[in-house]
Every structure is written in C-alpha cells, then in structure tokens.
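Working notes, structure below.
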Amino acid sequence: MDKPYSESCDQNREPILGIVGPLFADRTAVLEVGSGTGQHAVYFGAKLPHLTWQTSDREENHPGIRLWLEEAGLPNVRPPLTLDVTQEAWPEVAADAVFSANTAHIMHWDEVEAFFAGVGRLLPTGGRFALYGPFNYDYRYTSESNERFDAWLKARDPLSGLRDAGDLDALAHTAGMELVHDFAMPTNNRTLCWEKR
C-alpha cells in the first residue's frame, strides 16, 4: 500500500501551524479528530514536540495514517484511535486540546452536532478546540471559490456542505464552549477556536 497523500495538507500546514502553535503552546495533549492521511499529525507532531498528538479516524483510514506515523517515527505522535463522532462513548483520551481540519463540511449535520457535543464532553475546563476549514457567515459565502466548493460537495453528497460559523458557535455554546478566536486563513479558510468554560 502506498501512503495516502493530500496536496491541501502540504499547502495549509504552515499557516495552520502559525495559529495552533501559539494556541497550543501551553497544552500537553491534543486529540486530532479526523486525521485523514496522517500528514498533519506528523508535521505538527515534529514542530510541536512538547505535545502528545493523538490521531483518530474511522477504521478504514488507519492503515494510511499508520504508514505516515511509522515513517516519521515520532515519539509524541500516537497511533490512530477508532473514532466515529456519532458514537455515544468516545475513546477515553486525556487531552486539553482538540484539533480538526476540513471535517465539518464533509460530515452530515447530525454528525457535526455529535462532534461538538463529544468535544464538549472530552475537554476539561480551559481546554481548547481549534477547527480549520471554509465556513459561511450569516449564511453567505465569503468567496466564489467557496461557493463552487460547496456546490461540488453537495453534488457528491447532498447532506454535506459548508457550515455557517454562527451555527457552529451555537453548538459549541450548548456544549459548554465559548468562541475566543476567529482567524482568517489563506484561500478563504478560517480557524475557529473555542474554550471550555
């Protein structure tokens, strides 16, 4: 099996590091929800050696993640846990931060709801949740490219699509989290960061 590869991971990893590096400077352990190929985990794990980086994803993505992790051989990056956000009980992880990139627009809305509820249960008071991706604001697209991307997503899966930042913030609020940062990122993406109250 060849290692899976995502070009967007290589393109966005440095801008994301510029945000999560300071956000997670005083953290000890991060759960990454939806590790995908595993590229972000090995990049951030190498750049942020003070963190234990716990990968997770659905079972079918584990072999690819393991290939990236085995090649990198980083002592602070953990093998993937099986995590489907809709599971009632998530794996037990001691983490004071959660990171996820380009996941909310792939999930169905009930999965997004379960995702935020799960993060709220997992994080201790003061824990941080950083979510990267394209978002709408006041139900409007922030760019033509995001509008095209949303149309492509919905053609592939009508229940997927760009999520509105206000709707996500409402879910976070219900889960006991407060929005503390909203960072503009390249190519019309954002990084939203919530803190557990």
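In square nanometres and to one decimal, what's the mean projected area of the convex hull around the Cα atoms of region 91-197? Don't skip to the end; give the middle numbers.
Details: hull surface 26.0 nm².
It is 6.5 nm².
For region 5-59, the list of trypsin sites (Lys or Arg not before Pro) that fall in a loop by DSSP and count at most 13 other C-beta atoms within 10 angstrom reads ARG58. What whole-number distance in Å separates the alpha-carbon centres of region 169-190 and region 1-69? Result: 20 Å between the Cα centres.
Under a model in which nothing but the beta-carbon of Lys, Arg (+1) and Asp, Glu (-1) is charged, the chain shows a dipole of about 380 debye around its Cα centre. Here is the tail figure for the chain: Cα pairs spaced more than 23 Å apart come to 40 percent of all pairs.
For region 1-91, the percent of C-alpha pairs falling in each 10 Å distance bin, counted from 0 to the bin holding the largest distance, reads 17, 50, 30, 3. The share of C-alpha pairs in region 32-148 whose separation exceeds 22 Å stands at 37 percent.
I'd like the projected area of region 18-64, averaged over all directions, using the convex hull of its alpha carbons. Report it in nm² with one decimal. Before the final figure, lay out each step's value.
On the way: hull surface 12.7 nm².
It is 3.2 nm².
With each run of n ≥ 4 DSSP H residues scored as -39500 (n - 2.57), what mean residue ellipticity at 222 nm is computed for the chain after dividing by its residue count and rounding to the nearest 500 deg cm²/dmol? Mean residue ellipticity, 222 nm, calculated: -11500 deg cm²/dmol.
Taking a point 7 Å from the Cα of ALA94 along the Cα-to-Cβ direction, the residues of region 8-36 with backbone N closer than 18 Å to it are 26-32. The figure for TYR5 is an accessible area of roughly 130 square angstrom, using a 1.4 Å probe on the protein chains alone.
Under 5 Å from the amide H of ALA97 lie the amide H atoms of ALA29, LEU31, ARG128, each residue being 5 or more positions distant or on a separate chain, with H modelled from the backbone and absent for Pro and chain starts. Using the 2.2 N^0.38 Å rule of thumb for compact globular proteins, work out how region 1-44 stacks up: its C-alpha Rg over that value, please. Ratio of Cα Rg to 2.2 N^0.38 Å: 1.24.
The values are calculated or read from the model by the stated rules, or taken from the named source; none is laboratory data. From a predicted model like this one, the values you see are computed outputs, not experimental measurements. Here Cβ is always computed from backbone atoms with ideal geometry, including for glycine, and neighbour counts include all displayed protein chains. Quick note on the areas: whole protein, heavy atoms, side chains included, nothing else; ligands and nucleic acids left out. Shrake-Rupley method; radii C 1.70, N 1.55, O 1.52, S 1.80 Å.
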